[in-house]
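Student: Below are the structure tokens for one structure; questions will follow.
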Amino acid sequence: MSTLRTPLSLLLALSLALPFSLAAQDETFHCGANELSRMASLINNDPSRYEDIQHATAQLEHFTQTWQGNAARGGGNYVIPVVFHIIHNNGPENISDEQVRDGVRLMNEDYNKMNPDWSDVQPAFLGIVANVGITFKLAELDPNGNCTNGITRTVSTLTYDGDQDMKNLIDWPRNRYLNIWVSAGAGGAAGYSMYPSSVSGSWGAAADGIVVLSNYVGSIGTSDPSHGHTLSHEAGHWMNLKHPWGDSNDPGLASNCSMDDNVADTPNTEGWTTCNLAGATCGSVQDNVENFMDYSYCSKMFTEGQKTRMLAALNSSTAGRNNIWTDSNLAFTGLLNDPILCAAALHSDSRMICAGSSIDFTDASYNGVTQWTWSFPGGTPATSDEQNPTVTYPTPGTYDVGLTVGNGTSTVAVTNTQYVVVLPSSGLPLPYSEGFENVVSLPSSDWTLVDIDQDGGFQVNDNAAYTGSQSVRLLNDVNHAQRVDELLSNTINASGYSSYVISFRYAYAKRGNADNDALRLYVSNDCGQSWSLRRALSGGQLATASPQNGSFIPSGQSQWGYTETTAINGDYLVSDMRIKFWFQSDGGNNLWLDDININGEPIVGINEVNDPAHGGLQVFPNPAGQVATVEAELTTSGPVKVEVLDMLGRSVQTIANQNMSAGTARWELHLDGLNSGLYLVRVEQQGTVRVARFTKD
């Protein structure tokens, strides 16, 4: 079919008129192939660069149409070194090595006619299903000759953009590796790649490769089988394949019939977003709906004509494609000979569990490992020669994990110190209170941090506190936007209670009115393996002071807020309950926490409650204003002490300390000197202690 050249004016319009959303792609597949607007920072409105693209496109098309094939490189002899750059913000986009390898597996099935459903192709196209003969392999040596598993990981909020700025974070030489960037966003697409001619100039090298959403890699993990062929589709673009209808990224338009993909055995089509196997458009008898380059979600094949076009691209010097599969480059990337054993590494499904629970360990060593020797101090079993063992830890503590791997000739080893933390299965008793007065630093024996960005996270600070002299502060500014920090408790024993309440003090200020930082409180009933949201504050609801440009420090108790959960009961009355404070920055100001209390009577050192057998106790009205009344039934005569306590168990007011007769007793509380919040009245008489909770408005 005829060669269609894109005029310079159209290229200019294409680059300037293709806006795209930064939202993650939904379940409707969209490809952003060759949208030159994505290279705006590289093209820089330079007309000469558009001319370079036009000239390279014409040259590559001429080479493709006249190329006669290369018998020396067919039938699986093309090997493409691949590197996956996972750009993540410690979210689900940080996919596992296993999911990456599954993505490569599916690419190799698709390009070598090994996908199990190829024989189900419609009869009209069954005879032209191509074995393209291309194998993709994860690189084993990086550009500096260092050992690699072909996977890099970079923490950056640019993962949500998936644009050229993200690519600029890391790329390996494009004439030696196929760069695949995995991200949380791809500018409204599931993935995109440029044609070789669009990035052929040296200025375009940084854009050369594939960007793909993390949930479109492979068929496991965050992805699923319906997304499994996306990388095969994008690799087709990387090797100069167009969509079956041509350059447009919008299937189903009648105008697509006027375009073409320059492949003779793919019928003209409008393109499909559904698997209509009887579909026929543009005058075709039947469309090749099951083609990997369509959007139909039932892709099964490349055609022989598409194979020829891709192999021509690999044999062309355009964008260095003819170097990437050479023996010299396969040696450079570590793929010419046997796998290179060079690193021992391990993963686990958890690093913090309760005593008596188990951890699944996974070998992540590379490359060509055939032997494993594990060491698990404190675990059962203590050693293992399995590739991926499961280990139970019966005793609380912190434990190392060691792994030695071999390939029959050599070995390498790694020891991860303090890798496993085992918490008590029966935790700290209720009531529980934490004012951080005796905490020197975090993490501590009672509190663990999740500081993903390694910028300090929650830390003890003595510049401000609601009560006492210390609290916990989380530094927060515009540089922290999108970062997530967590503060997690040790296990707490809530068994034997009918319910409990969690309360805490907090202080926060915005920098600007639009800031929407978020604080959440979670509870776990399985030692932290899963979490239930119990309180959420964000934006103006979270703010306790007016916006400030400087680093926010609460100036007094009036700049602190108070909140508590509703009663927590049922399945959460367990011996290994944990709580977690989760904060996501939106570039606002600092967050402060103090006076964390758990239970209806969260008093340090007091386990007694309002026991009716020893006489009733109540405060009214409740909530109270400036004045309230305490009423108690005294079962015997004698000395009575009545106090008001704060939520850390500290006496803030003594109401009475005198001899009293048996019967009904009343005392008047004057509360005008107390801040709003939760308090307790404690009545002690001859060794019996009763406690009642009330709220001061």
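The values are calculated or read from the model by the stated rules, or taken from the named source; none is laboratory data. Note that this is a predicted model, so its numbers are computed, not measured. Positions of Cβ are generated from backbone atoms using ideal geometry, with glycine treated the same way; all protein chains shown enter the neighbour counts.
Student: Output the residues belonging to the range 437-447 that are over 19 Å from ASP576 (Cβ atoms) and in contact (Cβ under 8 Å) with a residue 24 or more places away in the chain.
Tutor: Listed by number, the residues that qualify are GLU437, VAL439, LEU442.
Student: So which residues in the range 207-242 are among the hydrophobic types (A, V, I, L, M, F, W, C) and under 20 Å from the mean Cα position of the chain (by Cα)?
Tutor: Passing the criteria: VAL211, VAL212, LEU213, VAL217, ILE220.
Residues checked against (1) buried (at least 17 other Cβ atoms within 10 Å of the Cβ); (2) hydrophobic (A, V, I, L, M, F, W, C); (3) within 26 Å of the chain's Cα centre (by Cα):
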residue: GLU437; (1), (2), (3): no, no, no
residue: ARG473; (1), (2), (3): yes, no, yes
residue: ASN479; (1), (2), (3): no, no, yes
residue: THR491; (1), (2), (3): yes, no, yes
residue: VAL501; (1), (2), (3): yes, yes, no
residue: TYR508; (1), (2), (3): yes, no, yes
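Student: Scan the range 674-696 residue by residue and report those that are more than 45 Å from the chain's Cα centre (by Cα) and free of Cβ contacts under 8 Å to residues at least 40 places away in the same chain.
Tutor: Correct list: GLY687 only.
Student: Name, by its number, the condition in (1) touching a residue at least 40 places away in the same chain (Cβ under 8 Å); (2) among the aliphatic types (A, V, I, L, M); (3) surrounded by fewer than 18 Cβ atoms within 10 Å (Cβ to Cβ) that does not hold for VAL263.
Tutor: Unmet condition: (3).
Student: Next question. Residues that are closer than 17 Å to ALA40 by Cβ and not small (Gly, Ala, Ser): does the range 210-227 have at least one? Give the derivation first.
Tutor: Within the range 210-227, the first condition is being closer than 17 Å to ALA40 by Cβ, and the residues that meet it are 211.
This time we only want the ones that are not small (Gly, Ala, Ser), so: 211.
Yes.
Student: Out of SER223, SER202, I need the residue that is free of Cβ contacts under 8 Å to residues at least 40 places away in the same chain, assigned by TED's automatic domain parsing to the domain that holds ASN322 and small (Gly, Ala, Ser). Which one?
Tutor: SER202
Student: Residue check, GLY305 against (1) of a type outside the set (Asp, Glu); (2) in contact with a Leu (Cβ under 8 Å, 6 or more places away or on another chain); (3) under 30 Å from ALA205 (Cβ atoms), all met but one. Which one?
Tutor: (2)
Student: For the range 676-697: of the residues being surrounded by fewer than 17 Cβ atoms within 10 Å (Cβ to Cβ) and in contact with a Ser or Thr (Cβ under 9 Å, 6 or more places away or on another chain), which is nearest to GLY638 (Cα to Cα)?
Tutor: GLN686
Student: Let me ask you something else. Among (1) at pLDDT 95 or above; (2) of a type outside the set (D, E, K, R); (3) surrounded by fewer than 23 Cβ atoms within 10 Å (Cβ to Cβ), there is one condition MET301 misses while meeting the rest; what is its number?
Tutor: (3)
Student: Give the number of residues within the range 534-560 that are closer than 20 Å to VAL523 by Cβ and more than 29 Å from the chain's Cα centre (by Cα).
Tutor: Matching residues across the range 534-560 total 0.
Student: I'm told LEU475 meets every condition in (1) closer than 25 Å to THR159 by Cα; (2) of a type outside the set (Lys, Arg); (3) touching a Cys at 6+ places or on another chain (Cβ under 9 Å) except one. Can you identify the failing condition by its number?
Tutor: All conditions pass for LEU475, except number (3).
Student: So, one more: Find the residue count for the range 391-435, including only residues that are over 24 Å from VAL450 (Cα atoms), among the polar types (S, T, N, Q) and touching a strand residue (DSSP E or B) at 6+ places or on another chain (Cβ under 9 Å).
Tutor: 3
Student: Look at the range 425-447 and say how many of its residues are assigned to a loop (DSSP other than H, G, I, E, B) and over 18 Å from PRO396 (Cβ atoms). Reasoning before the result, please.
Tutor: Initially, the range 425-447 is screened for residues assigned to a loop (DSSP other than H, G, I, E, B), giving 425-427, 430-431, 435-446.
If we keep only those that are over 18 Å from PRO396 (Cβ atoms) too, we end up with 430-431, 435-442.
Total meeting the criteria: 10.
Student: Continuing with the same structure: Return the only residue of GLU643, GLU668 being acidic (Asp, Glu), part of a strand (DSSP E or B) and either surrounded by 15 or more Cβ atoms within 10 Å (Cβ to Cβ) or in contact with a Cys (Cβ under 8 Å, 6 or more places away or on another chain) (or both). Before the answer, list the steps.
Tutor: Values: GLU668 fails: either surrounded by 15 or more Cβ atoms within 10 Å (Cβ to Cβ) or in contact with a Cys (Cβ under 8 Å, 6 or more places away or on another chain) (or both).
After ruling out the rest, the residue left standing is GLU643.
Student: Which ones in the range 86-140 are under 14 Å from ASN215 (Cα atoms) and polar (S, T, N, Q)?
Tutor: ASN94, SER96, GLN99
Student: I need a count of the residues in the range 233-260 that are surrounded by 23 or more Cβ atoms within 10 Å (Cβ to Cβ) and closer than 15 Å to SER296 by Cβ.
Tutor: Number of matching residues: 5.
Student: Further, regarding this structure: For the range 374-389, how many residues are part of a strand (DSSP E or B) and surrounded by 15 or more Cβ atoms within 10 Å (Cβ to Cβ)?
Tutor: Qualifying residue count for the region: 3.
Student: What's the number of the only condition in (1) in a strand (DSSP E or B); (2) more than 24 Å from ASN493 (Cβ to Cβ); (3) modelled with pLDDT under 95 that THR417 fails to meet?
Tutor: (3)
Student: With the condition kept exactly as written, say whether any residue in the range 519-528 is modelled with pLDDT of 95 or more and more than 18 Å from LEU573 (Cβ to Cβ).
Tutor: yes
Student: Could you name every one of the helices (runs of 4 or more DSSP H) located completely within the range 45-145 that has at least 2 residues being surrounded by fewer than 18 Cβ atoms within 10 Å (Cβ to Cβ) and without any contact (Cβ under 8 Å) to a residue 12 or more places away in the chain?
Tutor: Counting at least 2 such residues, we get 47-66, 123-126.
Student: Might you check whether a residue that is touching a Phe, Trp or Tyr at 6+ places or on another chain (Cβ under 8 Å), among the basic types (Lys, Arg) and assigned by TED's automatic domain parsing to the domain that holds ALA319 occurs anywhere in the range 131-146?
Tutor: Scanning the range 131-146, I find no residue that is touching a Phe, Trp or Tyr at 6+ places or on another chain (Cβ under 8 Å), among the basic types (Lys, Arg) and assigned by TED's automatic domain parsing to the domain that holds ALA319, so the answer is no.
Student: For LEU10, work out the one condition from (1) surrounded by fewer than 16 Cβ atoms within 10 Å (Cβ to Cβ); (2) modelled with pLDDT of 50 or more it doesn't fulfil.
Tutor: Answer for LEU10: the failing condition is (2).
Student: Among ASP327, ASP363, ASP338, which is within 30 Å of the chain's Cα centre (by Cα) and either acidic (Asp, Glu) or farther than 27 Å from ILE151 by Cα (or both)? Before the answer, list the steps.
Tutor: Details: ASP327 fails: within 30 Å of the chain's Cα centre (by Cα); ASP338 fails: within 30 Å of the chain's Cα centre (by Cα).
Answer to the check: ASP363.
Student: Checking GLY334 against (1) among the small types (Gly, Ala, Ser); (2) closer than 25 Å to THR57 by Cα; (3) at pLDDT 95 or above, which single condition isn't satisfied?
Tutor: It is condition (2) that GLY334 fails.
Student: Are any residues in the range 443-464 modelled with pLDDT under 95 and hydrophobic (A, V, I, L, M, F, W, C), and if so, which ones?
Tutor: Within the range 443-464, LEU449, VAL450, ILE452 qualify.
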